[in-house]
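Every number here is computed from the coordinates shown, using simple stated rules; none is lab data. What you are looking at is a predicted structure, and each value in this text was computed from that prediction instead of being measured. Quick reminder, even Gly has a Cβ in these numbers, built from the backbone with ideal geometry, and neighbours come from all protein chains shown.
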Amino acid sequence: MLLFRSEQHVDRWCRQWNRPRGGMLSLTQGWKLARLWYGDRLSPSWRGKTAEEAQALFTEIGLVGEFWQLGG
Amino acid sequence: MGTKPASQTGPNALDRRLRLLIYDHILDTGRAPLVAQMARRLSRPLRQVQAALRRLCASHAFVLQENGELWRAAPFSAVPTGFTAEAGKRSWWGNCIWDALGILAALHQDGLVRASCGCCNLEMILHVRKGALQEKRGTIHFAVPARLWYDDVVFT
């Protein structure tokens, strides 16, 4: 997951590496994802999220659609 | 002579102790411990620690290098990267922008992330103050669909 100055820079990177445009997040979404995903990571009682929990977290941030579907 | 319950002595207990030991070491030093250091700190044979590491890796939160040493203890990278998180006078590496932001999120501390544009490599610094990300300009790009993230986690 890379950081870019703008969507134009993403498109330039995609052309350079001959890859389709993937999933895009605003910085606000990225920070929210970081907090929800990693906020409890240093807790002694941490456990990994289930696929259902992870999918619900994506949906909460607005990451919906085929690209954000986790494997079954 | 008493015996400890299995919850304090079995593989699960070792995994929990190892996980916390790794994070404590990274937080204190900015670097991941070597497997031999883990074994010494836990007073366990190397092979037991290696087995525990393999179990921790099942969650994808931990990833090993080909030489058996840690590559990643999410959100921390055990190897130098272009994504640095700083809080106070300390700094840590993340494997990607999500992880670098995740370090500040895990610490629950304000700080900054030093990164650069994936396209032109110009420096981009993101600041977290009072728990809020200050910058609005910029975007994060995921090249790999979510269902394939762990097929090649290094590329992802």
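The angle between the Cα long axis of helix B:11-29 and the longest principal axis of the Cα atoms of chain B comes to about 40 degrees, rounded to the nearest 10. Against chain B, whose longest principal axis is taken from its Cα atoms, helix B:97-107 shows a tilt of about 60°.
From other protein chains only, count the Cβ atoms within 10 Å of every residue's Cβ in A:60-69, then give the mean.
Across A:60-69, the average partner-chain Cβ count within 10 Å equals 2.
Which value in deg cm²/dmol, rounded to the nearest 500, describes the helix-derived mean residue ellipticity at 222 nm for chain B, given -39,500 (n - 2.57) per DSSP H run of n ≥ 4 and division by the residue count?
-10500 deg cm²/dmol
Normalised size of chain B, defined as Cα radius of gyration per 2.2 N^0.38 Å with N residues, equals 1.17. The eigenvalues of the Cα gyration tensor, multiplied by 5 and square-rooted, give the range A:7-68 an equivalent ellipsoid with semi-axes of 28, 13, 11 Å from largest to smallest.
Within 15 Å, Cβ to Cβ, of residue A:54, how many net charges do the neighbouring residues add up to if Lys/Arg are +1 and Asp/Glu are -1?
Value of the local net charge: +2.
Around the amide H of residue B:119, modelled in the peptide plane, lie the amide H atoms of A:5, all under 5 Å away and 5 or more residues distant in sequence or on another chain. Counting Cβ atoms of other protein chains within 10 Å of each Cβ in A:42-54 and taking the mean gives 3. Annotation: aspartates and glutamates with alpha-carbon distance below 12 angstrom to residue A:49 (same-chain offsets under eight excluded): A:40.
The magnitude of the dipole of the range A:7-68, with charges of +1 and -1 set on the Cβ of Lys/Arg and Asp/Glu and taken from the Cα centre, is near 280 debye.
Value of Rg to Rh for the range B:83-148, rounded to two decimals, is 0.98; Kirkwood radius and Rg both from alpha-carbon coordinates.
Comparing B:21, B:140, B:73 along the charge dipole axis of chain B, the residue lying farthest to the positive side is B:21, per the Cβ-charge model.
Set the Förster distance to 41 Å, then compute FRET efficiency between residue A:8 and residue A:59 from the Cβ-Cβ distance, nearest 0.05. Calculated transfer efficiency: 0.90. Mind running the shape call on the range B:14-67? Use the C-alpha gyration tensor, a ≥ b ≥ c as the square roots of the eigenvalues: rounded below 1.5 for a/c, prolate if a/b tops b/c, oblate otherwise. Rounded. Where does the protein assembly as shown land on Rg(C-alpha)/(2.2 N^0.38 Å)? Ratio of Rg to 2.2 N^0.38 Å for the protein assembly as shown: 1.06.
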